[in-house]
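Below is one structure, written out as structure tokens; comments come after it.
The values are calculated or read from the model by the stated rules, or taken from the named source; none is laboratory data. As the structure is a prediction and not an experimental result, all values here were calculated from the model. Positions of Cβ are generated from backbone atoms using ideal geometry, with glycine treated the same way; all protein chains shown enter the neighbour counts. When the accessible area is computed, the model is the full protein with side chains, heavy atoms only, and any ligands, DNA or RNA have been set aside. Shrake-Rupley method; radii C 1.70, N 1.55, O 1.52, S 1.80 Å.
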Amino acid sequence: MTNLLEEQNKLQKQAFEVIEKLDLNNILGKYGQFSLVGSIEYSLMTWRDIDANLAMQNDPTDSEYWDIVEAIFSLPKVKLLTLADNRQQVEADRPKSMYLGIKYEDNENNIWKIDIRLLARESITTDKVAQLIKENITEESRIAILQIKSQVCDNPKYHKAFSSVDIYEAVLLSGVKDMDGFREYLSKQGKTL
């Protein structure tokens, strides 16, 4: 149990260093409010994955998006960018947004996945998840979440048939404590592991 918490703390510290090294706050701050969300915010990291929002006054324009893409792609050690336009909500489980996925190689040759959503303030959906976690997390539930996340990280259905939000809700709202319980929880939701 302790090593999961130690690994989370180590990953979170490294993640903050990556964000600072890439200077994302300054690069993106001129377009809107840059904020870290997801597991880095909740202290629930199990792998090198950072989620962030760029909250803008209105929906991002093509011009703003391409300016940001150019600025990010010119950064050293950015290995790959994945782009997606979800302003028409093609992905029903994603907010109306434009997406920028970054693969970044740190100084130890570790690859980090950084997911940034550019969206109008009114389209932000991460606030309700943050509130759920803040109101319900305990050290016991934190460990249960870290255990489940570490066991599903390589599952091909992860991020397709189920997400981290399913894990958070299972543990925090339904009292799930382990993989067997999570499997049962997903089944009741009509989802499979």
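Structure summary
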{"quantity": "Filter result (open to solvent by 20 Å² or more (accessible area, probe 1.4 Å), modelled with pLDDT of 95 or more and either part of a loop (DSSP other than H, G, I, E, B) or of a type in the set (G, A, S) (or both)) within the stretch 155-175", "calculated": "S174, G175"}
{"quantity": "Residue check, E108 of a type in the set (D, E) and assigned to a loop (DSSP other than H, G, I, E, B)", "calculated": "yes"}
{"quantity": "Condition met for D178 (modelled with pLDDT of 95 or more, of a type in the set (D, E) and open to solvent by less than 40 Å² (accessible area, probe 1.4 Å))", "calculated": "no"}
{"quantity": "The listed residue being in a helix (DSSP H, G or I) and among the hydrophobic types (A, V, I, L, M, F, W, C), out of I72, I50", "calculated": "I72"}
{"quantity": "Criterion: closer than 30 Å to S63 by Cβ and β-branched (V, I, T) - qualifying residue of I116, I167", "calculated": "I116"}
{"quantity": "Yes/no for Q88 being in a loop (DSSP other than H, G, I, E, B) and exposed (fewer than 14 other Cβ atoms within 10 Å of the Cβ)", "calculated": "yes"}
{"quantity": "Residue count, the stretch 116-131 (criterion: surrounded by 15 or more Cβ atoms within 10 Å (Cβ to Cβ), more than 15 Å from the chain's Cα centre (by Cα) and in a helix (DSSP H, G or I))", "calculated": "1"}
{"quantity": "Residue in the stretch 67-82 that is touching a residue at least 40 places away in the same chain (Cβ under 8 Å) and either within 25 Å of V152 (Cβ to Cβ) or in contact with a Cys (Cβ under 8 Å, 6 or more places away or on another chain) (or both) present", "calculated": "no"}
{"quantity": "Which listed residue is touching a residue at least 40 places away in the same chain (Cβ under 8 Å) and open to solvent by 20 Å² or more (accessible area, probe 1.4 Å), from E6, E41", "calculated": "E41"}
{"quantity": "Criterion (open to solvent by 70 Å² or more (accessible area, probe 1.4 Å), in a strand (DSSP E or B), among the charged types (D, E, K, R) and modelled with pLDDT under 95) met by exactly one of K79, K134, K113", "calculated": "K79"}
{"quantity": "In the stretch 91-110, residue surrounded by the most Cβ atoms within 10 Å (Cβ to Cβ) [restricted to those that are hydroxyl-bearing (S, T, Y) and under 22 Å from S63 (Cα atoms)]", "calculated": "S97"}
